[in-house]
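The values are calculated or read from the model by the stated rules, or taken from the named source; none is laboratory data. Small disclaimer: the values here were computed from a predicted structure and weren't measured. Cβ atoms come from the backbone with ideal geometry, glycine included; neighbour counts cover every protein chain shown. Heavy atoms of the whole protein, side chains included, go into the accessibility calculation; ligands, DNA and RNA do not. Shrake-Rupley method; radii C 1.70, N 1.55, O 1.52, S 1.80 Å.
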Amino acid sequence: MRKYWLLASASLLCPGTAFAQTGTDPAPQGSTSALADEIIVTATKKGYGENVQDVPIAVTAYGEAQLDAKFVQNLQSLSYDVPNVQLEDVGSTPGYANFSIRGLGINSSIPSIDPTVGVFIDGVYLGINAGVVFDNFDLEGLEVLRGPQGLLFGRNVTGGAVVVRTSRPSFDLEFRGKASVETGLKKTVSGVVTGPIVDDVVAAKLAVYYSDDDGWFRNRFDGKSFGKAKDLIIRPALSIRGGEDFRMDIRYEHGETKGDGPAGQNHGLFRRDSFDFSVNNRGFYDNKWDQASAETNVDVRFGEGVITNIAGYRRYRSSASSDIDATPLSLFHADIEIAQSQLSDELRYAGKFGDVDVTTGLYYFTQDIRYGERRTLLGGRQIVSGGGAQDQTTWGVFASADWHLSETLTLNLGGRYTWERKAVQVSTLRPNGCNLDTIICTTNFADSDKWKGFTPKIGLQWQPGDDTQVYGVYTRGFRSGGYNLRNTDPNVPPGPFDQEVQDSFELGVKQQFGRNRINVAGFYNRIKDLQREIVLPGPLGASQVIRNTADATIKGIEAEGLFFILPNLALSGQVGYVDGQYRNVQFDLSGDGVIDGVDRRLKLPRLSPWTYGAGLTYDQRLGSLGTATARVSYNHRDKAAFTDNNQGFLQGADMLDASLTLATADNHWKFSIYGRNLLNEATIGSDVQLPAAFGGVGASFSPLNKGRVIGGEVAVSF
C-alpha cells in the first residue's frame, strides 16, 4: 500500500527546484532556505545557465548548499534520492561505476564496455567507468539528467547523464574547511582557499581532500576489520578574465586512493540480509589519476552569443586484487591492471537570431586503454591471464535550435552526427597470456571497426505562464559498439558487437503553486540491439560474453516535488515506476539451450520497478546561537535482476537518513551529526553466479556496501 500512498501524495520533491521567499515571516537561514535557492543548470549548453524549472528536460539538480545538507561524499551517496536512478559501484573493484537510469544500465568491470549513463566532470566526459565512484568534494553543482541526452552529449548517454561541476576560483578571498569522523573510524578533512591574484584579472584556488578509513566491515576469516581506505585529492585552479567578454577557467586534479579489496559475500555460505563474509585474500586497490581541463568563454556580437571551448585530458592507472570466490579458500583470486588516457575538445557557439536560439558545435575524443587480468584458480593449480589494448577516436558535430513560435510555444529541433573507430588487440585468458607488470599481452585477436549514427531531436515546449511548463520530445540515442577485452572463451570472438540504438518519447509537466512545485514526466523507449554482458559460471570461475541479445521496450513515469508546510518546514518526496519487456530475443538469455518464451519473460537487469521516498527539513532559530536544522528522509528501491538469467539479483532496500545541524548566527561555523542507512540495510553492488564448487548451491561473488553510518562534522567558512 505504501507505493500507492506515495503516488497519491502531493509532496513530491525536485531537489533542484528554485524558490523565492514570500510573505512577511521569512524562514530561518538553514536548509529550507537552501531548498529555496535558485538552482542553475548547464545541461542545455546555451552559454549561460538556466533555472532548472525552465528547461524541457527531466533533471534533478543540486547546488552546493543542497549537497552539503545531504552530506554527499560521492556520486553513490545520491543513489536512492532520485526517481528511477541507481548510481552504484559494482564493487568487484572499488570505484567502478555501474549506473542505471530508467532501467538502462550495465553490469561490468571491463574497461572497454561503455556506459549507458555518461559522467561529465567540468564538461569533460569520463571515457571509462573505472575511477568514477570515489570520494568527491568542492562541488558547485550536480545535475542528474534522465533519459537519452545524445543531441548535446553524444554517445553513451542512452539512460541519461550525470553532470558534475567543481567550484571555480573566486575573485573575492574565501576559505572553506570541513572535518568529520564517522562509523568505521573514517576521518576526513578538506579545505578550499580561493581569491584574487590580480584584481579582476586573475584568481586562483587550491582545494585539498584527505580521508582515512579504518574499515567498516569485519572479516570472519580472521576477525579483523576490513574495508580500509585512504584518499587524497589535490585540485588547483586558475581563472583569467579579459574584461566582461572573456573568461578562462583552468582546472587540474591529482588523485590517489588505495585500500582493501571488496568485501565479497558468498550467498552459498551467508545470508543476503547480513554483512557476514569470509575471505582469505584481503586484496587491495591502488588508483592514481591526473586530469586537467580548460574552459574558455568569449562573448561575441554575432547573435549576442558565446563561443565556448572545453579541452580536457585524463590519465588513470589502477591496480587491484580481489577474492572472487568469496570463501576462506583460494579458489578464484583475480588481479587486474588498467591504464587509460584520454584527450577531448568541444568547441561550440550559442546565440540568438530573432526568435531562434541556436547552439551548435564540434566534438573530438580520443582514448587509449590497456587492460590485463590474471586469475589464480584452485590454489594456484591453474593460472591464466589475458587482456588487451584498445585505441578509440570519436568525432561529432551537432546543432540545436529553439524556435519561439509565440510567447508561449517553442519548437525544439536538433541533430548530431557521430563517427567512431575502435581498434583492438586482445589476448584470450590462457596460461601466460599477459604480463601484468607491463600490461603487454600476447595477442591472438586483432581487429578494428567503425560506427556512425545520427541523433535527431524534435520537441515542443508550451509555457502558458511563468509557473507552468508542458513539454514533449522525441529523440534517438546510441551506445557505442565495441569489443570485449576480457575474453574468457577461445571459441567465442571478443567482437565486434554492434551499437545499441534507442528511440525515446517523453512528455513532461513542471508546475509551481506559489512556493510549492511538482514535476512529472512519462516516457516510452524502444531499444534495438540491446548490449548485454552475459555472466555465467564457467571453467575459469566466471565466463563473460558480450552480445547484442535482444530488442526491448521500457516505459514509466516519475515525479518529484516540494511542499512548504510552514516557512521553515519543507516536505519533500519522489516516486518512479519503470516497466521493461524484451522483444525479438536473439540470444539464449536463460541458458537452457533454446530461445523461447522463457527468455522473453525474463526481467531486464538493473531495472527496479518502483523507487520512491519522502523527507522533512525543519529550521529553527535559536536566538544568538544561530539556527538549528533537522533533516530526515526515507527512500525505497525495489529488487532488481543482476544477471541476464535472473539467477543473480540485487535485493530491494529501504534507506533512512537523518541529520541535525547547528549553524552560528554569522553562518561561519556549522556543527552537524548525521546518519546514513540507519536501518542498517545490507546491499550489494553485484551478484555474479559462481560454480557450486565455490561455495555450494547459490555460490556467488556479491560485494557488500556499507551498512549504518553515524558521523559528526564541523564546517567553517570565511
Mean projection of the alpha-carbon convex hull of the range 556-689 over all orientations, in nm²?
11.1 nm²
In what sequence, highest mean first, do 109-121, 41-53 appear when ranked by Cβ atoms within 10 angstrom?
109-121, 41-53
Counting only protein heavy atoms with a 1.4 Å probe and every protein chain in place, the carbon and sulfur fraction of the accessible surface of the chain in whole percent equals 58 percent
Cα-based Rg/(2.2 N^0.38 Å) for the range 492-573, rounded to two decimals, is 1.83
In the range 100-155, what is the volume of the convex hull around the alpha carbon atoms, normalised per residue and reported in Å³?
98 Å³
When the dipole is taken about the Cα centre of the range 466-523, and only Lys, Arg (+1) and Asp, Glu (-1) are charged at their Cβ, what size is it in debye, to the nearest 20?
240 debye
Is the shape of the range 327-484 rounded, prolate or oblate, going by the alpha carbon gyration tensor and its root eigenvalues a ≥ b ≥ c, with a/c under 1.5 for rounded and a/b larger than b/c for prolate?
prolate
Which whole-Hz ³J(HN,Hα) couplings does the range 155-165 yield from phi under the Karplus relation 6.51 cos²θ - 1.76 cosθ + 1.60, θ = phi - 60°, glycine and proline marked x?
6, 6, 10, 5, x, x, 8, 10, 10, 10, 10
Charge dipole of the chain built from unit charges on the beta carbon (Lys, Arg +1; Asp, Glu -1), centred at mean Cα; most positive-end Cα among Gly283, Ile101, Tyr612 is Gly283
From the convex hull of the Cα coordinates of the chain, what is the mean projected area in square nanometres?
29.4 nm²
Regression test value, accessible area per residue of the chain, probe 1.4 Å, units Å², expected 38 Å²
With the dipole of the chain worked out from charges on the C-beta (+1 for Lys and Arg, -1 for Asp and Glu) around the Cα centre, which of Ala237, Ala326, Val578 lies farthest toward the positive end?
Ala326
Note down the net charge around Val509, summing +1 for each Lys or Arg and -1 for each Asp or Glu among other residues with Cβ under 12 Å from its Cβ.
-2
Compute the distance from the alpha-carbon center of the range 660-707 to that of the range 290-341, in whole Å.
24 Å
Under the Karplus relation 6.51 cos²θ - 1.76 cosθ + 1.60, θ = phi - 60°, what is the ordered set of whole-Hz ³J(HN,Hα) values for the range 260-266, x standing for Gly and Pro?
6, x, x, 7, x, 9, 10
Would you list which aspartates and glutamates come within 20 Å of Lys224, measuring only between C-alpha atoms, while excluding same-chain residues fewer than 8 positions from it?
Glu182, Asp212, Asp213, Asp214, Asp260, Asp276, Asp323, Asp325
With every protein chain in place, the accessible area of Phe153 for a 1.4 Å probe, in Å² rounded to the nearest 10, comes to 20 Å²
Reach of Lys555 by Cα under 12 Å, taken over aspartates and glutamates that are not fewer than 8 positions away in the same chain:
Asp503, Glu506, Asp579
With all protein chains present and a 1.4 Å probe, the order of Thr442, Thr366 from largest accessible area down is Thr442, Thr366
In terms of modelled amide H atoms, which long-range or inter-chain residues lie less than 5 Å from the amide H of Ala263?
Leu704
Residues with amide H under 5 Å from that of Asp447, placed H, sequence gap 5 or more:
Val424
Measuring from centroid to centroid over Cα atoms, what is the spacing of the range 590-656 and the range 535-571 in Å?
8 Å
Averaging the inverse of every distinct alpha carbon separation and then flipping it gives the Kirkwood radius. What is it for the range 618-718, in angstrom units?
16.6 Å
Apply the Karplus curve 6.51 cos²θ - 1.76 cosθ + 1.60, θ = phi - 60°, to the phi angles in the range 304-310 and return the couplings in whole Hz, x for Gly and Pro.
6, x, 9, 9, 10, 10, 10
Mind ranking 122-135, 219-232 by how tightly packed they are, going by the mean number of other C-beta atoms within 10 angstrom, highest first?
122-135, 219-232
Report, in debye and to the nearest 20, how large the dipole of the range 596-718 comes out about its Cα centre when Lys and Arg carry +1 and Asp and Glu carry -1 on their Cβ.
80 debye
Hey, if we sort Ile710, Ile106 by accessible area with the 1.4 Å probe, largest down, what's the order?
Ile710, Ile106
Based on the Cα gyration tensor of the range 521-630, what are the three equivalent ellipsoid semi-axes, each the root of five times an eigenvalue, rounded to whole Å and given largest first?
47, 18, 10
Just name one of Asn519, Ala542, Ser480: the one whose Cα is farthest towards the positive end of the charge dipole of the range 442-583 (beta-carbon charges, Lys/Arg +1, Asp/Glu -1).
Asn519
Sorting Trp669, Trp403 on solvent-accessible surface, 1.4 Å probe, most exposed first, gives Trp403, Trp669
Net charge dipole size for the range 329-392 [Lys, Arg +1 and Asp, Glu -1 on Cβ; Debye, nearest 20]
400 debye
Can you give the convex hull volume of the alpha carbon atoms of the range 140-199 per residue, in Å³?
143 Å³
Heads up, I need the accessible area for Leu622: 1.4 angstrom probe, whole protein in place, Å², nearest 10.
70 Å²
Cα centroid distance between the range 83-120 and the range 440-484, in Å?
16 Å
For the pairs Lys258/Lys639; Lys228/Lys639; Lys46/Lys70; Lys228/Lys288; Lys422/Lys603; Lys230/Lys706, note any where the Cα-Cα span goes beyond 21 Å.
Lys258/Lys639; Lys228/Lys639; Lys46/Lys70; Lys422/Lys603
At 1.4 Å probe size, what's the solvent-accessible area of Phe718? Round to the nearest 10 Å².
120 Å²
The summed charge of the Ile518 Cβ neighbourhood (under 10 Å; Lys/Arg +1, Asp/Glu -1) stands at +1
Kindly identify the range 407-510 as rounded, prolate or oblate by the Cα gyration tensor criterion: order the square roots of the eigenvalues as a ≥ b ≥ c, call it rounded if a/c is under 1.5, otherwise compare a/b with b/c, prolate if a/b is larger, else oblate.
prolate
Amide proton proximity set for Asn84, modelled H, under 5 Å, gap of 5+:
Gly576, Thr611
From the square roots a ≥ b ≥ c of the eigenvalues of the alpha-carbon gyration tensor of the range 428-474, which class results: rounded (a/c under 1.5), prolate (a/b over b/c), or oblate?
prolate
